[in-house]
Amino acid sequence: MASSSTSSSVKLMLLMPVLVSSLIVATVGNLNQDFDITWGDGRANILNNGELLTLKLDKASGSGFQSKNEYLFGKIDMQLKLVPGNSAGTVTAYYLSSKGSTWDEIDFEFLGNLSGDPYILHTNVFSQGKGNREQQFYLWFDPTADFHTYSILWNPQRIIYSVDGTPIREFKNSESVGVPFPKNQPMRIYSSLWNADDWATRGGLVKTDWSQAPFTASYRNFKADACTWSSGASSCSSTTPSSSSNSSLWLSQELDSASQVRLKWVQKNYMIYNYCSDTKRFPQGLPPECSA
């Protein structure tokens with residue numbers, strides 16, 4: 001663990017993006033305009049004139065939604081409040097994905113747990129249908145007590161996962177060493193709440209307690225500064241995305257020195273699995289992007 005002085009200073013840095021964001025007034029989209037409910041037979045609902053979306057899971061079914069738009073690069077933000085209490089066996093998935101057998105995908109998955117035990121935030125990147133690039137984290141707060149912002153920045157050079165403005169993972173373009181990078185296939189946003197008690201909690205040892213159902217996950221404040229894809233063409237020129245903020249900074253954005261400090265702090269203190277450290281899983285050698 002970090003020293004107390006380092007820990008305190010980094011905790012202050014973790015809070016800075018939250019404080020700064022509170023000073024910025026962003027236009028909040030209407031979730032009815034951005035998303036379609038795709039399954040769940042009434043268990044998914046868009047409420048409060050499009051300001052809130054909820055997914056429910058009971059023993060009969062989960063539920064899910066997807067974005068109306070497809071995107072090819074962008075900065076995607078969504079606030080989520082996860083299933084509270086005994087959420088063991090449940091998974092809340094929030095991800096970008098293309099279609100087909102050689103699909104690309106950028107994953108957030110939140111693995112539920114027994115009351116009082118931490119959620120596991122599971123991340124993965126698929127390129128050309130190949131995944132197995134998992135990193136898992138605990139969070140430094142209770143993700144069920146309030147809404148928190150989960151972000152994906154995806155540009156031609158890198159993918160950055162962030163929580164409340166704090167980067168937790170960076171996946172760089174490593175095409176130079178033969179690793180495909182998601183850059184040619186437009187992706188939709190998908191989210192679902194479903195039962196995965198065969199594997200989600202302690203490898204499937206802890207089952208879903210259906211007496212706690214229905215389980216509910218909530219979403220709000222979606223924002224996409226992104227290139228949308230329609231009829232085979234991007235809304236962006238080579239340099240200028242079509243976005244609500246008219247800002248294309250994300251298209252070439254990388255982690256500055258302060259963000260690198262926060263990233264290292266999170267990975268030192270909260271990362272619980274990293275495929276790039278799993279030599280038993282890869283006895284023939286770690287994947288090439290791990291040393292790129």
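Leaving ligands, DNA and RNA out of it, work out the accessible area of GLU175 with a 1.4 Å probe and give it in Å² to the nearest 10.
70
Only Lys, Arg, Asp and Glu count, each charged at its Cβ (+1, +1, -1, -1), so figure out the dipole size of region 155-290 about its Cα centre, rounded to 20 debye.
Working: 14 positive and 11 negative charges, 29 e Å.
Using Cβ point charges on Lys, Arg, Asp and Glu, region 155-290 gives about 140 debye.
Taking each pair of different alpha-carbon atoms in region 62-146 once, compute 1/r for the pair, average those values, and report the inverse of that mean as the Kirkwood hydrodynamic radius in Å to one decimal. Don't skip to the end; give the middle numbers.
Details: mean 1/r = 0.0699 Å⁻¹.
For region 62-146, inverting the mean 1/r across all distinct Cα pairs yields 14.3 Å.
What lysines sit close enough to LYS183 to cross-link, taking a C-alpha to C-alpha distance under 18 Å and skipping anything fewer than 8 places away on the same chain?
Filter leaves LYS75, LYS99, LYS130, LYS172.
Evaluate the relative contact order of region 20-124 (contact order divided by residue number), counting alpha-carbon pairs under 8 angstrom at least 6 apart; express in whole percent. Display every interim value, and only then the final one.
Numbers: 147 pairs, mean separation 17.9, N = 105.
Reported relative contact order: 17 percent.
What ratio of Cα Rg to 2.2 N^0.38 Å holds for region 147-292? It would help to have the intermediate numbers written out before the result.
Numbers: Rg = 18.7 Å, N = 146, 2.2 N^0.38 = 14.6 Å.
For region 147-292, the normalised Cα radius of gyration is 1.28.
Can you give the direction-averaged projected area of the convex hull of the alpha-carbon atoms in region 139-218, in nm²?
Working: hull surface 31.8 nm².
Mean orientational projected area (region 139-218, Cα hull): 8.0 nm².
Please compute the per residue accessible area over the chain with all protein chains in place, 1.4 Å probe, rounded to a whole number of Å². Don't skip to the end; give the middle numbers.
Numbers: 13840 Å² over 292 residues.
Heavy-atom accessible area per residue stands at 47 Å².
Can you pull the percent of region 193-234's accessible area that's carbon plus sulfur, 1.4 Å probe, other chains left in place? Walk me through the intermediate numbers first.
On the way: 990 of 2090 Å².
Carbon and sulfur atoms account for 47 percent of the accessible area of region 193-234.
Under a 1.4 angstrom probe, counting protein chains only, how are TYR190, TYR273, TYR94 ranked by accessible area, largest first?
Numbers: TYR190 30, TYR273 55, TYR94 5 Å².
Accessible-area ranking of TYR190, TYR273, TYR94, largest first: TYR273, TYR190, TYR94.
Pull out a ≥ b ≥ c, the square roots of the eigenvalues of the alpha-carbon gyration tensor of region 47-99, then state rounded if a/c is under 1.5, prolate if not and a/b is larger than b/c, and oblate in the remaining case.
Numbers: a/c = 1.90, a/b = 1.56, b/c = 1.22.
Prolate, since a/c reaches 1.5 and a/b exceeds b/c.
Mind ranking ASP34, ASP41 by accessible surface for me, highest first, 1.4 Å probe? Intermediate results must be reported in sequence, preceding the final value.
On the way: ASP34 35, ASP41 145 Å².
Descending accessible area places them as ASP41, ASP34.
Could you sort ILE189, ILE46 by accessible area so the largest value comes first, with the probe set to 1.4 Å?
Numbers: ILE189 0, ILE46 40 Å².
From most exposed to least exposed: ILE46, ILE189.
For the chain, I need the span (max minus min coordinate) of the C-alpha atoms along each principal axis, in Å, sorted largest to smallest.
Taking the Cα atoms of the chain, the three principal extents are 51, 46, 44 Å.
The values are calculated or read from the model by the stated rules, or taken from the named source; none is laboratory data. These figures come from a predicted structure and were not determined experimentally. FYI the Cβ positions are ideal-geometry reconstructions off the backbone, even for glycines, and counts take in every protein chain you see. These area figures cover heavy atoms from the full protein model, side chains too; ligands, DNA and RNA do not enter into them. Shrake-Rupley method; radii C 1.70, N 1.55, O 1.52, S 1.80 Å.
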